[in-house]
Each structure stands twice: as C-alpha cells, then as structure tokens.
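The values are calculated or read from the model by the stated rules, or taken from the named source; none is laboratory data. None of these values were measured; they are calculated from a predicted model. Here the Cβ positions follow ideal geometry from the backbone for every residue, glycine too, while neighbour counts run over all protein chains shown. For the accessible areas, the whole protein counts, side chains as well, though only heavy atoms, and no ligand, DNA or RNA atoms are used. Shrake-Rupley method; radii C 1.70, N 1.55, O 1.52, S 1.80 Å.
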Amino acid sequence: LFSLCAIFPLFNFFKYNTIFDISNFNYESYSFNYNSVDFDAYQMLLEAIKFTDATEIKYGSNIITSILFFIPRSIWKSKMELSGAIIANYYGAAFTNLSCPYVAEFYVAFGSFGVMFFSVLLGFIIKKLDNWFSGYSIKKIGYSSIALGISIYWFRGSMLPTNAYLFALLISYFLLLFVLNITRKTKIK
C-alpha cells in the first residue's frame with residue numbers, strides 16, 4: 001500500500017521530469033489515481049474474473065495458444081486471440097489491444113484452480129532459473145538471464161506475444177551457442 005500511495009506518484013513524476021526537477025514535485029499534482037492508464041493490468045485482472053465467471057473457463061487453450069504461438073491461424077483455425085482482446089470485445093470496448101497479466105491468464109484458463117496451480121508451477125520454474133543464474137554454467141546463466149529478464153514483461157502480459165519474444169530470444173541464444181560449439185570443434189577462429 002505504501003508503494004502504491006507514496007512511491008508510484010514519484011515514479012509518475014519521473015515519467016515527465018528529470019532529477020533536476022525534483023524541487024517541483026508535490027503529491028497533490030501526482031497523487032495516486034486508480035483511473036490512470038498505468039493500472040490497466042489491475043483492471044484487466046478484475047475484468048478477466050468477471051468475464052470467466054460470466055462465460056466459462058477456457059481449459060488452458062489460452063496457455064496452449066501462447067506456447068504454440070508459431071502455428072499460423074490459417075492452419076490452426078481454433079487458435080485463440082489474445083485474452084485481453086477477447087475480454088475487451090466481450091465488454092464492447094473500442095480499444096482491444098489490452099494486456100492481460102499472467103494471473104488473469106491463469107484464471108481464464110482454469111479459474112481459481114489455475115491461479116493456484118500455475119502460480120506454484122511458475123514459482124518452481126523461477127526457483128530453477130534463479131539457481132541456474134547463481135551457478136557456473138554459462139549456458140544456464142544465459143538462458144536464465146533471458147527468461148528472468150523478460151519476466152517483468154511476461155508478468156504484466158500479454159502472454160501470447162511475450163512468449164513469442166521469449167522463445168525467439170531463447171532460440172537465438174541456442175543457435176548462437178550451437179554455432180560457437182561448431183566453431184570450437186572445427187577450430188575456426
């Protein structure tokens with residue numbers, strides 16, 4: 001609560017000002033505003049809960065779609081759209097390019113069970129990545145750096161495009177290591 005009420009207005013100030021303008025800061029001008037566009041992820045969580053309760057859970061099709069992002073919609077006819085767009089369309093919003101945080105994606109996938117199950121699973125994955133990052137294998141440090149680095153973007157959503165970026169970076173890193181391994185074996189400088 002302290003960070004939302006005290007720290008967030010300060011961050012909001014620095015979106016438009018520099019450190020040299022700090023003497024102009026006052027909390028009345030940059031007070032905490034729940035209607036700010038910066039809180040769309042929180043609103044989408046609430047809308048995802050309302051949407052899922054009003055319609056039905058998606059039985060993981062949103063998560064499968066985000067993992068199999070590389071299959072074109074022309075081949076996979078039932079491939080889901082972004083969860084944020086589906087929810088926005090359901091409520092008749094004019095703007096449908098909305099993020100949907102991972103907790104909301106888990107709720108859309110399997111309801112409350114999905115939030116609990118996937119949060120625990122995600123905790124195990126992050127623990128493993130954190131252990132890799134603290135290890136001595138440069139390959140594992142690279143993989144964990146990419147995954148943990150993009151996790152901030154992934155947590156805010158949307159899961160489908162974020163997984164596409166994540167897998168593209170991981171595949172690029174794998175190919176780089178593969179080429180380095182080949183050159184090391186053939187002693188090409």
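Taking a 23 Å limit on the Cα-Cα distance, which of the listed pairs Lys58/Lys127; Lys50/Lys77; Lys140/Lys185 fall beyond it?
Lys58/Lys127; Lys50/Lys77
Given the DSSP H assignment, sum -39500 (n - 2.57) over each helix run of at least 4 residues in the chain and divide by its residue total; what's the result at 222 nm in deg cm²/dmol, nearest 500?
That comes out to -21000 deg cm²/dmol.
Nearest 20 debye, what's the magnitude of the dipole of the stretch 66-189 about its Cα centre given +1 on Lys and Arg Cβ and -1 on Asp and Glu Cβ?
760
For the stretch 82-140, count all C-alpha to C-alpha pairs, find those more than 14 Å apart, and express that count as a whole percent of the total.
65
As I understand it, the dipole of the chain uses +1 on the Cβ of Lys and Arg and -1 on the Cβ of Asp and Glu, about the Cα centre. Which of Thr162, Tyr173, Thr96 lies farthest toward its positive end?
Tyr173
So, with a 1.4 angstrom probe, what is the percent of accessible area on the chain that is carbon and sulfur?
Looking at the chain in its full context, I get 68 percent from C and S.
Say a site is exposed when it is one of the GluC sites (Glu not before Pro), sits in a DSSP loop, and has at most 10 other Cβ atoms within 10 Å; what is then the longest site-free stretch of the chain?
Longest stretch, sites excluded: 57-189.
Could you work out the local net charge near Tyr173, counting Lys and Arg as +1, Asp and Glu as -1, over the other residues with Cβ closer than 14 Å to its Cβ?
Every neighbour counted, the sum reads +2.
For the chain, which DSSP H helices look membrane-span-like by this rule: Cα extent along the axis of 24 Å or more and mean Kyte-Doolittle of at least -0.5?
Helices meeting the span and hydropathy rule in the chain are 102-133, 138-156, 159-186.
Find the percent of Cα-Cα distances in the stretch 59-189 that exceed 21 Å, and round it to a whole number.
Taking all Cα-Cα pairs of the stretch 59-189, the fraction more than 21 Å apart is 51 percent.
Using mean Cβ contacts within 10 Å as the protection proxy, how do 64-77, 157-170 order, highest first?
157-170, 64-77
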